[in-house]
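First the structure, in the form of C-alpha cells, and then the observations on it.
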Amino acid sequence: MKICDNVHQIRIDFNVTEDIKRYVYIYIIEGKHLYLIDSGVSGSERIIEDYLHDMNKSIRDIKGVFLTHSHPDHIGSAGKIKSISKSNIYAPYDEKDWIEDIHKQFKERPIPNFYGLLNESVKIDEYLKKDDIITLQEDIHLRVIDTSGHSKGSLSYLWMERNILFTGDAVPATEDISIFVDFKKSMDTLERLKSIDDINFCLPAWDRAYKKNEYKNVINSSIRLLNKINNEVRCLKGKTNDKDEIFENVCDNLNMSSFKNNPLFKKSVLSCMNEE
C-alpha cells in the first residue's frame, strides 16, 4: 500500500504458533534506488518481490535494508534479500550478536517457531547507533534514534527531509499486545519520540500509519498503557511474590486475558517487577 509519495507499506502475516497469529509491517523508501525498513519473517522476500513487480521494480533494485531490531519478524528475510540484491544491511550495533548469530538469539530468547520465522543469520555492513545520519541520496537522509526498551537496542529512523518516522515496535499499540524488556527505557523512548515536532507520518511495524495530527495522541495513549501495566504489577507485588499469580491478575484486571498464552507478554509484565 502506498502511504505517500515514495513510501510504501507491506503487511506480512505469520504464525508464532497455530493459535497465535501475528503480522508485521515493513516499508519501502523509493528514491533513485529502493530501501527497506525491516524485512519481515523468513520467506517474505516473495511477498516483497510481488509488490515490487507491480511497481515495475525488483528485489535487485534494493540497495539498503535498515533493521530496527533483531527479532525474527523484522530480520527473517534480510539474509535472502542481501544475497539476491547485494544490498547493504544497516542495523543496531547493540543487537549485532542476535542478528549475526541467530542461534545465540534462540538460546537467549527461545520463542515458539523461531527457526520457521528466522532461519539464517546475516552479516551487518554498517552498525548504527543513536544520532548517526545516513546519506542515501541528496534528498534522503535518515537520522538514527535510540528507541530501546522493546528490545535491548531498538532503533527508529527519521527521514529528515520528509519528517517521516519509522518506529519499528517502539510504540506499543494500545489495542494489541505490549512487548518490552525494559519498562523505564520504553517510557524514555516514548517521551523522546513525543518530543520530535512536525512529524508528517509515524510508521510503526505493528499498527497502522499515523498522520501528523494523530502522532502525539498515539504516544500518549501508549504511555498510559505502560503505566497501567506497571502500576498494576507494583500493586500486586505488595500482596504476593508469585510471578504466575501476578501475571494472571494483571491480565484479568486490565482486560488482557486473551494475552495469557503469550510468553513474551508474560516476560514484559514480569519485567516490571524489577522497577522500584
Subject >> Computed E for LYS228/GLU100 - FRET, C-beta separation, R0 35 angstrom, nearest 0.05 >> reply: 0.45
**OP:** Assign one of three labels to the stretch 29-141, namely rounded, prolate or oblate, based on the Cα gyration tensor with a ≥ b ≥ c the square roots of its eigenvalues; rounded applies when a/c is under 1.5, prolate when it is not and a/b is larger than b/c, and oblate otherwise.
**Re:** oblate
**OP:** For the stretch 70-116, just say rounded, prolate or oblate: build the C-alpha gyration tensor, square-root its eigenvalues into a ≥ b ≥ c, call rounded for a/c under 1.5, and beyond that prolate if a/b exceeds b/c, oblate if not.
**Re:** oblate
Original post:
Roughly what would the spin-label model give for SER257 and ASP125, points 7 Å off Cα along C-beta, in nm?
Top reply: 5.1
**OP:** Grab the other residues whose beta carbon is less than 14 angstrom from that of ILE140, score K and R as +1, D and E as -1, and report the net.
**Re:** -1
Original post:
Over the Cα atoms of the stretch 1-78, how large are the radius of gyration and the largest Cα-Cα distance (Dmax), in Å?
Top reply: 12.3, 42
Subject >> √(5λ) per eigenvalue of the Cα gyration tensor, the stretch 117-276, largest first, Å >> reply: 32, 18, 14
Original post:
Cβ under 10 Å from GLU161's Cβ, GLU161 left aside: what net charge do those residues give with Lys, Arg +1 and Asp, Glu -1?
Top reply: -1
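Once you order the gyration tensor axes a ≥ b ≥ c over the Cα atoms, which shape class does the chain get: rounded for a/c under 1.5, otherwise prolate or oblate by comparing a/b with b/c? Write out the running numbers ahead of the final one.
On the way: a/c = 1.90, a/b = 1.49, b/c = 1.28.
Prolate is the answer for the chain, as a/c is 1.5 or above and a/b outweighs b/c.
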**OP:** At 1.4 Å probe size, with every protein chain present, just tell me what the per residue accessible area of the stretch 1-142 comes to in Å².
**Re:** 47
Subject >> Cβ crowding within 10 Å averaged over residues, with 260-273, 150-163 ranked highest first >> reply: 150-163, 260-273
Original post:
Taking amide hydrogens as modeled 1.01 Å from N in the peptide plane, which residues meet the under 5 Å criterion relative to SER121, leaving out close sequence neighbours?
Top reply: ILE102
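Which percent, to the nearest 5, of DSSP beta bridges fully inside the chain are antiparallel? Mind dumping the intermediate values first?
Details: 29 of 43 bridges.
That works out to approximately 65 percent antiparallel.
Could you work out the percent of alpha carbon pairs in the stretch 115-192 separated by over 18 Å, rounded to a whole number? All intermediate terms of the calculation are to be shown ahead of the outcome.
Details: 1527 of 3003 pairs.
The proportion of pairs with Cα distances above 18 Å equals 51 percent.
For the chain, which whole percent of the accessible surface, found with a 1.4 angstrom probe, sits on carbon and sulfur atoms?
Values: 5590 of 12650 Å².
Answer for the chain: carbon and sulfur cover 44 percent of the accessible area.
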Original post:
Which parts of the stretch 249-274 would a label at THR240 reach, counting a residue when its backbone N lies under 14 Å from a point 7 Å out along Cα-to-Cβ?
Top reply: 249-253
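Kindly rank 29-37, 233-241 from highest to lowest mean number of other beta carbons found within 10 Å of each residue. Present the calculation step by step, with values, prior to reporting the outcome.
On the way: 29-37: 20.3, 233-241: 13.3.
Top of the packing list down: 29-37, 233-241.
For an R0 of 25 angstrom, estimate the FRET efficiency from the Cβ-Cβ distance between LYS267 and ASP19 and round to the nearest 0.05. Provide the component values of the computation, followed by the final result.
On the way: r = 18 Å, r/R0 = 0.73.
Computed FRET efficiency for LYS267 and ASP19: 0.85.
The values are calculated or read from the model by the stated rules, or taken from the named source; none is laboratory data. In this text, all values refer to a predicted model and were calculated from it rather than measured experimentally. Neighbour counts run over all protein chains shown; Cβ positions are idealised from the backbone, glycine included. These accessible areas exclude ligands, DNA and RNA; they are computed on the full protein's heavy atoms, side chains included. Shrake-Rupley method; radii C 1.70, N 1.55, O 1.52, S 1.80 Å.
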